[in-house]
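Q: Here it is: the structure, laid out below.
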Amino acid sequence: MFEFMSRNHYLNMLPTGVREPLRKMFDRGYAKQKRVVTPAADGIADMEADVIVLGTGIDLTGFTPKFVGQEVQIICTDSTADATVTCGSGVTFDGTNDVATFGDDNDAIIVTSISLTRWAVVSNVGAVAFS
């Protein structure tokens, strides 16, 4: 169900303006290698992943923190059809909304869990919509 990719494969999917600074960070050791998953179909979010790369129309559910302080990066590389990530029961992104919709190519968010029922949106690149 999930395809595991190397760091370079993931970086090569990003726009050059984003890719090269990240590559330099990795090369200098500022960033540790992350576990990257690319769901091939709709399903339950892999909460062992550090980075989730969404394709067109992918809908993930059960996006629930495993521990306080967990950080997850989610990027949608192709949004021909909107991709969505839905939190698990009782979990929200900001205290109210539990669905993130990725409507444009290269929309991305970085979230950190501040409790086992709440994600804090640290960064929203593009126009990820919350509802």
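Q: Cβ-Cβ under 8 Å, sequence separation 6+ or interchain: first residue in the range 107-131 and under 19 Å from PHE67 (Cα atoms), partner of a type in the set (Phe, Trp, Tyr) and in a strand (DSSP E or B). Which pairs?
A: That search, which allows pairs on different chains as well, returns VAL111/TRP119; THR112/TRP119; SER113/TRP119; TRP119/PHE63; VAL121/PHE130.
Q: Residues that are among the aliphatic types (A, V, I, L, M), over 11 Å from the mean Cα position of the chain (by Cα) and surrounded by fewer than 15 Cβ atoms within 10 Å (Cβ to Cβ): find the strands (runs of 3 or more DSSP E) completely inside the range 34-131 holding 2 or more of those.
A: By residue number, 118-125.
Q: What about THR86, is it touching a Gly at 6+ places or on another chain (Cβ under 9 Å), of a type outside the set (A, V, I, L, M) and modelled with pLDDT of 95 or more?
A: The answer is yes for THR86.
Q: Give the number of residues within the range 43-83 that are in contact with a Gly (Cβ under 8 Å, 6 or more places away or on another chain), at pLDDT 90 or above and among the polar types (S, T, N, Q).
A: Residues meeting the conditions: 2.
Q: I would also like to ask the following. Please enumerate the residues belonging to the range 60-115 that are of a type in the set (Val, Ile, Thr), touching an Asp or Glu at 6+ places or on another chain (Cβ under 9 Å) and more than 22 Å from ASN12 (Cα to Cα).
A: THR61, THR84, VAL85, THR86, VAL91, THR92, THR101, VAL111, THR112, listed by residue number.
Q: Inspect all residues belonging to the range 13-20 and state whether any of them is closer than 22 Å to VAL85 by Cβ and at pLDDT below 70.
A: Yes, some residue in the range 13-20 is closer than 22 Å to VAL85 by Cβ and at pLDDT below 70.
Q: Tally the residues that are in contact with a helix residue (DSSP H, G or I) (Cβ under 9 Å, 6 or more places away or on another chain) and more than 19 Å from THR38 (Cα to Cα), restricting the search to the range 81-124.
A: Of the residues in the range 81-124, 0 are in contact with a helix residue (DSSP H, G or I) (Cβ under 9 Å, 6 or more places away or on another chain) and more than 19 Å from THR38 (Cα to Cα).
The values are calculated or read from the model by the stated rules, or taken from the named source; none is laboratory data. Nothing here was measured: the structure is a model prediction, and the numbers come from that model. Heads up, the Cβs are rebuilt from the backbone with ideal geometry, glycines too, and the neighbour counts pull from every protein chain shown.
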